[in-house]
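See below for the structure under consideration.
What follows is calculated from the coordinates using simple rules that are stated; it is not laboratory data. These figures come from a predicted structure and were not determined experimentally. Counting neighbours? That spans all protein chains shown, and the Cβs are built from the backbone with ideal geometry, glycine included.
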Amino acid sequence: MTGDLLARAREGDKRALARVLSAVENDEPRAADILRELYPKTGRARIVGVTGPPGGGKSTLVNRLAGAYREQGERVAIVAVDPSSPFSGGALLGDRIRMQERALDEGLFIRSMASRGHAGGLARTTARVVNVLDAIGYSVVLVETVGVGQEEVDVVRVVDTVCLVTVPGLGDDIQAIKAGVLEIADILVVNKADRPGADETARDLAQMLTLGKLRTEWKPPILRTVAATGEGVPDLVSAIARHAIWAGESGERDRRRRDAARSEVESLLRDGLVRRLRDRVGEDRVERAVARVADRALDPYAAVDELLED
Ligand SMILES: Nc1nc2c(ncn2[C@@H]2O[C@H](COP(=O)(O)OP(=O)(O)OP(=O)(O)O)[C@@H](O)[C@H]2O)c(=O)[nH]1
Ligand SMILES: [Mg+2]
């Protein structure tokens, strides 16, 4: 049954693929089988993250990038995490004809993902969804996420190249861009460059970069785009390609993939150990310890020590 669904997904059946992704997202029992089957085929796609404040034009830009990659003959998947303006809506500039064309485009797949309610955490679920799309044969996976909050920062850790999208006129708000996000950005984009203040924003970003410490020898370029018209998008595509080449040669890509693999293995290990411990000492024993901690009869550290000793 699972094998059949996977085969259909691989042959380009988008509904089958949607069901595979739901199984993975909801951590259904067959998710483990699916991931086991697909895992050897992962690791080929280029994974690009687009993050930044709400309303900055991320979806519009992702859409442009998808178009550019399609023109290069790539098969493109888009993963939009908690999009407040979903792809079925304004992000496509209300161009219904184009939207219908896109729905018919066999080489383009769009997935929206809720940002809440993932058992193992949002980043982990996103990583799995990306792995499935990679294994199914999408050569470029674009991940859109709002760059606020730790969870979102964690999400972009699963990608190969992080594009941080800002807009002119953020002014002091630019400080509100989480330092953590700036730190992991590989490419800085000032979108809506048709608006006044783009140069100033680019300057502010450049200054913030010099203040911070670069993690590697890669110096994030600062690009201007007008996603609404497509201006600057070819430069962004080239910058992403340059970063991919650098990441491959410098070992940075391997380092990131290793980190991702480590956190996946460690979280599965944690889940497995907790499950085994619960089975071994018994559910009531754990619940009794929880109750005593809640009653302040025992501190959580002592409770864990006791359970581990049992
Ligand atoms: N003037 C101008 N408007 C733009 C540009 N790019 C996008 N927009 C508009 O900005 C609005 C928000 O664009 P989205 O692409 O939905 O932005 P987003 O960052 O995906 O928004 P959320 O997913 O809601 O955080 C839309 O009305 C776009 O048409 C641009 O380059 N210039
Ligand atoms: Mg969006």
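In terms of Cα atoms, the Rg and Dmax of the chain work out to 21.6, 66 Å. When the C-alpha to C-alpha distance is required to be over 25 Å, the pairs from LYS14/LYS41; LYS41/LYS213; LYS14/LYS192 that qualify are LYS41/LYS213; LYS14/LYS192. Reported value for the range 198-283: 179 Å³ per residue, from the convex hull of its C-alpha atoms.
The HN-Hα couplings worked out from phi for the range 280-290 by the Karplus form 6.51 cos²θ - 1.76 cosθ + 1.60 (θ = phi - 60°) are 5, 8, x, 4, 5, 4, 5, 5, 4, 5, 4 Hz, whole numbers, x standing for Gly and Pro.
If you take the square roots of the eigenvalues of the alpha-carbon gyration tensor of the range 246-290 and sort them as a ≥ b ≥ c, do you get rounded (a/c under 1.5), prolate (a/b over b/c) or oblate?
Prolate is the answer for the range 246-290, as a/c is 1.5 or above and a/b outweighs b/c.
Applying 1/(1 + (r/R0)^6) with R0 = 25 Å to the Cβ-Cβ distance of GLU28 and SER267, what FRET efficiency is obtained, to the nearest 0.05? That gives a FRET efficiency of 0.90.
Here the extension length gained between ARG255 and VAL293 equals 9.7 nm, from 0.36 nm per residue of separation less the Cα-Cα distance.
Quick check: residue separation of ALA302 and VAL286 times 0.36 nm, minus the Cα distance between them. What number comes out in nm?
Full extension of this stretch gives 4.5 nm more.
Students often check this: by mean Cβ neighbours within 10 Å, which of 185-193, 70-78 ranks highest, and how do the rest follow? Intermediate results must be reported in sequence, preceding the final value.
Values: 185-193: 25.9, 70-78: 17.7.
So the order, starting with the most tightly packed, is 185-193, 70-78.
Coupling constants for the range 160-166 follow from the phi torsions by the Karplus curve (6.51 cos²θ - 1.76 cosθ + 1.60, θ = phi - 60°), and in residue order they are 7, 9, 9, 9, 9, 9, 10 Hz; glycine and proline get x. The Cα atoms of the range 176-242 give a gyration tensor whose axes a ≥ b ≥ c have a/c of 1.5 or more with a/b no greater than b/c, which makes the shape oblate. Gain on full extension, evaluated as 0.36 nm per residue between THR229 and ARG215 minus their Cα-Cα distance, stands at 1.7 nm. Measuring spread by the Cα atoms of the range 264-309 yields a radius of gyration and Dmax of 11.6, 35 Å. Phi-derived couplings, Karplus 6.51 cos²θ - 1.76 cosθ + 1.60 at θ = phi - 60°, listed residue by residue for the range 214-220: 6, 6, 9, 7, 6, 9, x Hz, with x used for Gly and Pro.
In terms of its C-alpha gyration tensor, the range 1-41 comes out oblate, because a/c is 1.5 or above while a/b does not outweigh b/c.
Close amide-amide hydrogen proximity is noted between ALA80 and ARG111, SER112, MET113, GLU144, each under 5 Å apart and 5 or more residues distant or on a separate chain (H modeled in the peptide plane; Pro and chain starts excluded).
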